[in-house]
1. Restricting attention to segment 244-301, and to residues there that are polar (S, T, N, Q) and not in a helix (DSSP H, G or I), which single residue is modelled with the highest pLDDT?
2. With the condition kept exactly as written, say whether any residue in segment 180-195 is within 16 Å of the ligand (Cβ to nearest atom), within 27 Å of SER7 (Cα to Cα) and touching a helix residue (DSSP H, G or I) at 6+ places or on another chain (Cβ under 7 Å).
3. Could you pull out the residue among SER57, SER51 that is surrounded by fewer than 19 Cβ atoms within 10 Å (Cβ to Cβ), within 12 Å of the ligand (Cβ to nearest atom) and under 23 Å from SER119 (Cα atoms)?
4. Taking the conditions exactly as written (farther than 24 Å from HIS128 by Cβ and within 13 Å of the ligand (Cβ to nearest atom)), does GLY12 satisfy them or not?
5. Please work out which residue is farthest from SER51 (Cα to Cα), limiting yourself to segment 225-243 and to residues that are of a type in the set (Val, Ile, Thr) and assigned to a strand (DSSP E or B).
6. Among (1) exposed (fewer than 15 other Cβ atoms within 10 Å of the Cβ); (2) of a type outside the set (D, E, K, R); (3) in contact with a helix residue (DSSP H, G or I) (Cβ under 7 Å, 6 or more places away or on another chain), there is one condition GLN102 misses while meeting the rest; what is its number?
7. Using the structure shown, decide if ALA136 is loosely packed, with under 13 Cβ neighbours inside 10 Å, modelled with pLDDT of 95 or more, more than 16 Å from the ligand (Cβ to nearest atom) and not charged (D, E, K, R).
Amino acid sequence: MTEANASKLIDGKSFAEGLRARVATAASRFKAAVGRKAGLAVVLVGEDPASQVYVRSKGKQTVACGMSSFEHKLPASTSEAELLALVAKLNADQAVDGILVQLPLPDHVDEQKVIAAISPDKDVDGFHVTNAGRLAVGQPGFVPCTPLGCLMMLKHRLGSLDGLDAVVIGRSNIVGKPMAQLLLAESCTVTVAHSRTRDLPAVVRRADIVVAAVGRPEMVKGEWLKPGATVIDVGINRVPAAEEGKTRLVGDVDFASALAVAGAITPVPGGVGPMTIAVLLRNTLVAAYRNAGVVLEKDAL
Ligand SMILES: Nc1nc2c(c(=O)[nH]1)N[C@@H](CN(C=O)c1ccc(C(=O)N[C@@H](CCC(=O)O)C(=O)O)cc1)CN2
């Protein structure tokens, strides 16, 4: 890669490392002030291989930052009632500041019901309708980790986002909608594009900021972009590799063609993904401070 292109990369891995270091400092201050570690409970139902990797990584990073990790691994046959009972137990547990139920859940469990059962003050995923509402009206709450990580990287790269045109491709509750809210709160002019959007390339070409969260491998092409645009690729898609039987990870953006046109871009892997877990740790610590009634230093995280 040329030096000019290398300078366009937004390195989520090293950004996440920096955030984790700040979380570790604030976690040790929390322990000194409150007399216990901040704690995160992660619940995994079933044996989805990717989810197992993410949950293991969450546990390891939680401990590495000086917080307590409580892992609950349940069989795929776990009933909705059993899962709801565990969530109720974790809601009442004083050692647990944050609760995360790894998604996706098996088909027989109603995801929305489970998310609704998590106390909004421990909902470090920011998926509860109360936190979605708080974000929509600009009240403090928990913001979903992936979009908050994207916003942190955008602000670090661009400074003020005031008045910029942003296009978010994808309208999921977990990424697209909260991402749009966050960009709106930064005074961007936001368009949310989706599968029914007419002439998507023309919509994308207007944007200073493109966030691709559509779940379709390499869909966004370089020729769609406004020259110099900042591109955040949320996609994590496993596709067949050139070598027989192997797979590789690609985003929702066609990286090679986009790199030639963009001003800045997140790679996959090593872009948005690592930030998702780092922001989870950040949210957990914020929850711990709030739940303990202790003030977290401004700009500590
Ligand atoms: N309850 C939740 N479930 C899920 C979430 C979430 O935020 N909350 N997000 C995703 C999965 N996820 C975290 O849970 C996650 C995905 C990807 C990464 C990551 O670091 N990806 C790497 C590549 C990893 C690989 O090689 O497969 C990267 O992009 O560099 C971290 C966390 C769905 N479920």
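1. First, the residues of segment 244-301 that are polar (S, T, N, Q): 247, 257, 266, 276, 283-284, 291.
Checking the rest, the ones that are also not in a helix (DSSP H, G or I) come to 247, 266.
On the way: THR247: 94, THR266: 98.
Top of the filtered list is THR266.
2. Taking every residue of segment 180-195 in turn, at least one turns out to be within 16 Å of the ligand (Cβ to nearest atom), within 27 Å of SER7 (Cα to Cα) and touching a helix residue (DSSP H, G or I) at 6+ places or on another chain (Cβ under 7 Å).
3. Details: SER57 fails: under 23 Å from SER119 (Cα atoms).
Just a single option satisfies the conditions, and that option is SER51.
4. Values: farther than 24 Å from HIS128 by Cβ: yes; within 13 Å of the ligand (Cβ to nearest atom): yes.
Yes; evaluated as a whole, the condition is true for this residue.
5. Step one: list which residues in segment 225-243 are of a type in the set (Val, Ile, Thr), which gives 230-232, 234, 236, 239.
Next, from what is left, pick out any that are assigned to a strand (DSSP E or B): 230-232, 239.
Numbers: THR230: 29, VAL231: 26, ILE232: 23, VAL239: 18 Å.
Checked segment 225-243; the qualifying residue farthest from SER51 (Cα to Cα) is THR230.
6. (1) is the only condition that GLN102 fails.
7. Values: loosely packed, with under 13 Cβ neighbours inside 10 Å: no; modelled with pLDDT of 95 or more: yes; more than 16 Å from the ligand (Cβ to nearest atom): yes; not charged (D, E, K, R): yes.
Taking the combined requirement at face value, the residue does not satisfy it.
To keep it simple, each residue is scored yes or no on (1) aliphatic (A, V, I, L, M); (2) part of a helix (DSSP H, G or I); (3) crowded, with 17+ Cβ neighbours inside 10 Å.
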site: ALA4; (1), (2), (3): yes, yes, no
site: GLY18; (1), (2), (3): no, yes, no
site: VAL23; (1), (2), (3): yes, yes, yes
site: ALA32; (1), (2), (3): yes, yes, no
site: VAL42; (1), (2), (3): yes, no, yes
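The values are calculated or read from the model by the stated rules, or taken from the named source; none is laboratory data. What you see is a predicted model, and the numbers here were worked out from it, not measured in a lab. In this analysis, Cβ positions are derived from the backbone assuming ideal geometry, glycine residues included, and neighbour counts consider all displayed protein chains.
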